[in-house]
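Report on one structure; see the data block that follows.
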Amino acid sequence: MKLRESIYVIGEGLTEKYYFQHLKKLKFYSCVVRPRFFSSKNSIYYLEKRTKELLSADVKVICAFDADVSQRNKEEQLKLQRFIAKYKNNDKVILCDSLPSIEFWFLLHFKKTNKHFENYNAIRDELKKYITDYDKTEKYLMQDKWVKILILKQEKAIDNIKRLKQNNISYTNIYKAIEILEK
């Protein structure tokens, strides 16, 4: 695979895909976000396969994914642990996992919390207090209005996550991607 030198964003779902596509367009980030770099299969296998392919082309990879699937499935949990162990010290891979989902990152744009959210539905209910029409459907996510709201509070979200003690119950590392893309 011949790729131009850049930062490539890969992920596991529609939310991550549209979030980074909108950020790229709205904030003029220098990165590559392509639909084929995202899977709807929520598979660690897919993320690792795509990461290997991109690393062989000697580019930097931002890997955004939800860790909640691994919490429900022991096999996926082991795959995730191996994936993280393999790439955590690789300066070409930025692991941006969130537990239970990326919506925890979105919530941090409005409030500082490390409350335990059992699943996406619990976070969604809290997030809807701030983005009342938020919906995890492609029809909604493909519009950029929700990302425009988040951009206005992006610095607050980064500050909030850095001030929180990581408790491994609800967490996010999406801010690492934002900091790299802001450079």
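Derivation of every value follows stated rules applied to the coordinates shown; laboratory data play no part. Not measured: the values here are computed from a predicted model. Glycine also receives a Cβ, built like all others from the backbone with ideal geometry; neighbour counts cover every protein chain displayed.
I need the chymotrypsin sites (Phe, Trp or Tyr not before Pro) found in segment 19-60, filtered to DSSP loop residues with at most 10 other beta carbons within 10 Å of theirs.
Sites meeting the loop and neighbour criteria: PHE28.
Close amide-amide hydrogen proximity is noted between LYS60 and SER6, TYR8, each under 5 Å apart and 5 or more residues distant or on a separate chain (H modeled in the peptide plane; Pro and chain starts excluded). Using a basic spin-label model with each label point 7 Å from the Cα along Cα→Cβ, how many nm lie between PHE28 and LYS92? It is 3.0 nm.
Evaluate E = 1/(1 + (r/R0)^6) for THR113 and ILE149, where r is the Cβ-Cβ distance and R0 equals 22 Å; express this FRET efficiency to the nearest 0.05. E between THR113 and ILE149, to the nearest 0.05, is 0.80. Between ASN160, ASN173, ASN73, the residue with the greatest mean-square fluctuation in the GNM of the chain (Cα pairs under 10 Å linked by springs) is ASN73. Only alpha carbons enter this Debye calculation for segment 7-182, each as an equal point scatterer, and the log10 of I(q)/I(0) it gives at q = 0.18 Å⁻¹ is -1.24.
Note on ASP133 and LYS165: the extension gain reaches 8.5 nm, defined as 0.36 nm multiplied by sequence separation minus the Cα-Cα distance.
For segment 123-171, which chymotrypsin sites (Phe, Trp or Tyr not before Pro) are both in a DSSP coil and crowded by at most 10 other Cβ atoms within 10 Å? Could the numbers behind the result be given before it?
Details: sites: TYR130, TYR134, TYR140, TRP146, TYR171; in loops: TYR130, TYR134.
Those that pass, being in a loop and sparsely packed, number zero.
DSSP bridge analysis restricted to the chain gives an antiparallel fraction near 10%, rounded to the nearest 5.
Ranked by the mean number of other Cβ atoms within 10 Å per residue, highest first, peptides 108-121, 54-67 order as 54-67, 108-121. Between segment 123-171 and segment 23-94, the alpha-carbon centres lie 20 Å apart. Amide H contacts of TYR171 (H built 1.01 Å from N, in plane; Pro and chain starts excluded): LEU99 sit under 5 Å, all sequence-distant by 5 or more or on other chains.
Could you tell me which of the pairs LYS25/LYS176; LYS24/LYS129; LYS156/LYS176; LYS92/LYS165 are separated by over 23 angstrom between their Cα atoms in the structure shown? Listed pairs above 23 Å: LYS24/LYS129; LYS92/LYS165.
Express in nm, to one decimal, how much length is gained between ASN121 and LYS74 on full extension, taking 0.36 nm for each residue of separation and deducting their alpha carbon distance.
14.8 nm
When only DSSP loop residues count, what GluC sites (Glu not before Pro) in segment 4-39 have their Cβ near at most 13 other Cβ atoms within 10 Å?
GLU5
Residue-wise HN-Hα couplings along segment 122-138, as the Karplus relation 6.51 cos²θ - 1.76 cosθ + 1.60 with θ = phi - 60° gives them from phi, are 5, 5, 3, 4, 6, 5, 5, 5, 10, 10, 4, 9, 3, 8, 8, 9, 4 Hz; Gly and Pro carry x. Dipole check for segment 7-182: with +1 at the C-beta of Lys and Arg, -1 at the C-beta of Asp and Glu, and the Cα centre as origin, the magnitude is about 180 Debye.
Note on LYS86: aspartates and glutamates with a C-alpha under 16 Å away, same-chain residues under 8 apart excluded, are GLU48, GLU53, GLU76, ASP97.
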